[in-house]
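Please find one structure pasted underneath; my questions will follow.
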Amino acid sequence: MATMNSTGAVLVFTLFLASTGLSSAQQPSRTTNEFLRSSCSGTAYPSLCYNSLSSHASIIQTSPKLLASTALGVTLDSARSVSAMMTTLSRGKGMTPKESGAMKDCVDQLADAVDSIKRSIDEMSHVMGSNFALTMNDVQTWVSAALTDETTCSDGFSGQPLNGWDVKTQVRDRILTIAHLTSNALSLVNRYASGGIHA
């Protein structure tokens, strides 16, 4: 698998979108909007999918590759934000030892998830006809790993006594949103992988 540091992975994604020469502020065409709705209808969380990607419709147009790549980029941005929030919360006081342990584990798992999503974006930038199947398999592996880390993090808070600190509201719901975004991104990656390099 190709590797890249965090700055490089984000730069690749930024340049990848910039290379289209389009702005997400442009109004999407009716065809693009229909493509986005149709694509999102095949995900586990279609409303979240459409709402998270609609502002990027003019970049995506009707390209399955750009759709999958943009979904990964949106997921990365959200995962990094939640990871930073978790790191800050983990330094707070007033948690029980069990809550503190769950927070520490979750911080580590989210860091791994962010790294996996970055790696998947890096892999997408290396997709070519000669290595399409192998590269897409790597992308699917990284995104699946991120989803596993996020789900494990969320499960770590299930059934915990809150003791005055609303863990489920502040943490679990946000992590679930990231997991849902990742699940949707994986569905779109799988769709692109099944369609081939020219999809």
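Out of curiosity, is Val74 more than 18 Å from Leu188 (Cα to Cα) and either β-branched (Val, Ile, Thr) or loosely packed, with under 13 Cβ neighbours inside 10 Å (or both)?
no
Give the residue, chosen from Thr135, Thr87, that is surrounded by fewer than 18 Cβ atoms within 10 Å (Cβ to Cβ), without any contact (Cβ under 8 Å) to a residue 24 or more places away in the chain and assigned to a helix (DSSP H, G or I).
Being surrounded by fewer than 18 Cβ atoms within 10 Å (Cβ to Cβ), without any contact (Cβ under 8 Å) to a residue 24 or more places away in the chain and assigned to a helix (DSSP H, G or I) holds for just one of Thr135, Thr87, which is Thr87.
Scan the stretch 1-58 residue by residue and report those that are open to solvent by less than 50 Å² (accessible area, probe 1.4 Å), under 27 Å from Leu176 (Cα atoms), part of a helix (DSSP H, G or I) and at pLDDT 90 or above.
Asn33, Phe35, Leu36, Ser39, Cys40, Cys49, Tyr50, Ser52, Leu53, Ser54, His56, Ala57
Could you list, ordered by first residue, the pairs with Cβ atoms under 8 Å in which the first is in the stretch 102-123 and within 13 Å of Leu147 (Cα to Cα) and the second is part of a helix (DSSP H, G or I) and aromatic (Phe, Trp, Tyr), at least 6 apart or interchain?
From the stretch 102-123, the pairs are Ser116/Trp142; Ile117/Trp142; Ser120/Trp142.
Then there's this: Considering Met95, Met103, which residue is in a helix (DSSP H, G or I) and open to solvent by less than 50 Å² (accessible area, probe 1.4 Å)? Can you show your working first?
On the way: Met95 fails: in a helix (DSSP H, G or I).
Testing whether each residue is in a helix (DSSP H, G or I) and open to solvent by less than 50 Å² (accessible area, probe 1.4 Å) leaves just Met103.
The values are calculated or read from the model by the stated rules, or taken from the named source; none is laboratory data. Note that the structure is a prediction, hence the values are computed from the model and not measured. For neighbour counting, all protein chains shown are included, and Cβ atoms are generated from backbone atoms with ideal geometry for every residue, glycine included. The protein model used for the area step is the full one, side chains on, heavy atoms only, and it has no ligands, DNA or RNA in it. Shrake-Rupley method; radii C 1.70, N 1.55, O 1.52, S 1.80 Å.
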